[in-house]
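Beneath this line is the structure, given in structure tokens, with notes to follow.
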Amino acid sequence: MTAGNNPSRTVIAWLWLGILLILIMVSIGGLTRLTHSGLSMVHWTFTGSLPPMSHVEWESEFENYKSSPEFVELHNHFEIDDFKSIFWWEYIHRMFGRMIGLVFIIPFALFIWKKRIPRELFPQFFIILGMGAFQAILGWFMVKSGLSDVPRVSHYRLSAHLITAFLTCAYIFWVMLNYIEFGSLKKIKYRISKWIGLLLILLIVQIIFGGFVAGLSAGWVHNTWPLMDEALIAQSVFAMDPIWLNFLEGKSGVQFVHRTLGIIVFSASLFIGWKIHVLKEIRLNAPAIMLGFAVFIQFLLGIFTLILYVPISLAVVHQVFALVTLLSVVWLYHRTRYTIE
């Protein structure tokens, strides 16, 4: 592919597939966490891929699990059938991650060999592979934190694992936008671009705090909205000393930040939508409408997930729609930074 040539539809389909697979992976990851399945596999090797195939192998796997803090403190009543119910989610989660790696690496090598990717974009595509590898390492690092002393993963590590997956997906989308119009894109900067960039940063911070809420199980406290148990700010938000620690490690404090940022992101999106309406730039209409729709749905999902005490189905959809919202902001931001010659 050279400047001025049409981009390969196969490469575009491959990038779209990558985005879709990460969306599915985020769903599986959410289900794994919400079903408390993430610490069921205490041993994992890169070469091992088959699950237990016989009763003897299941017994061996279950014996390994019995040595974990999660079994000792929480699941010591489990029988082997109970163990199987949590094992499968984590197994699917890990194997799906491996599949995503293969889906990226093998076609990428083929596309380079067939010269379907311009040399100028090589660095961007290699960054995608690097981010994917880093995401896998973070997944191992996260699970490791729950297999030593306490039967839960660090909420810092969980959030890092989550936001890296989101940023990887967002970057794939950005590269795809660059690839589709390669040779025709011209840098431009609307005044609204800085506001969209700020919204992008706010949304990333919001997703990080969403990971904190998930990791600390903070969605099961203060299940009212807009008030926190009949108060604008619950007293327990400031229960820990020093005060700043409440907003990083306290359930009430972390939830307060997350719900407050939700309102700020929603308000900022309305402001940006109004600015784009005034600007009357047709190229920005589609991504702006998509952003408005995504933020509105995500805002409602957050409220209902909270007041309904975090039902698994709503919680997973809320997590996935956070990624859809991020992609919408990336699309709009790209349109305000580049135009087509």
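Below are the figures for this structure:
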read-out	value
Number of positions in region 129-149 that are of a type in the set (S, T, N, Q) and touching a residue at least 24 places away in the same chain (Cβ under 8 Å)	2
Candidates 225, 244, 220, filtered to the one that is touching a helix residue (DSSP H, G or I) at 6+ places or on another chain (Cβ under 6 Å) and aromatic (Phe, Trp, Tyr)	225
Search result, residues across region 217-253 that are among the hydrophobic types (A, V, I, L, M, F, W, C), in a helix (DSSP H, G or I), touching a Phe, Trp or Tyr at 6+ places or on another chain (Cβ under 8 Å) and free of Cβ contacts under 8 Å to residues at least 60 places away in the same chain	218, 237, 247, 248
Region 312-338, residues that are out of contact with any helix residue (DSSP H, G or I) (no Cβ under 7 Å at 6 or more places or on another chain) and not small (Gly, Ala, Ser)	338
Single residue of 27, 67, 40, 49 found to be more than 28 Å from the chain's Cα centre (by Cα) and either polar (S, T, N, Q) or farther than 26 Å from residue 134 by Cβ (or both)	67
Residue in region 281-298 that is surrounded by the most Cβ atoms within 10 Å (Cβ to Cβ), counting only those that are in contact with a Lys or Arg (Cβ under 9 Å, 6 or more places away or on another chain) and farther than 19 Å from residue 322 by Cα	284
Single condition residue 264 does not satisfy, out of (1) free of Cβ contacts under 8 Å to residues at least 24 places away in the same chain; (2) surrounded by fewer than 19 Cβ atoms within 10 Å (Cβ to Cβ)	(1)
Which listed residue is modelled with pLDDT under 90, β-branched (Val, Ile, Thr) and out of contact with any Gly (no Cβ under 7 Å at 6 or more places or on another chain), from 45, 10	45
Some residue of region 142-161 being assigned to a helix (DSSP H, G or I), surrounded by fewer than 17 Cβ atoms within 10 Å (Cβ to Cβ) and of a type in the set (Val, Ile, Thr)	no
Qualifying residue in region 105-116 (condition: closer than 29 Å to residue 335 by Cα, touching a residue at least 12 places away in the same chain (Cβ under 8 Å), assigned to a helix (DSSP H, G or I) and under 20 Å from the mean Cα position of the chain (by Cα))	no
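The values are calculated or read from the model by the stated rules, or taken from the named source; none is laboratory data. Quantities reported herein were computed from a predicted structural model and do not represent experimental measurements. Because the Cβ atoms are built from the backbone with ideal geometry, glycine has one as well, and the counts that use them run over all protein chains shown.
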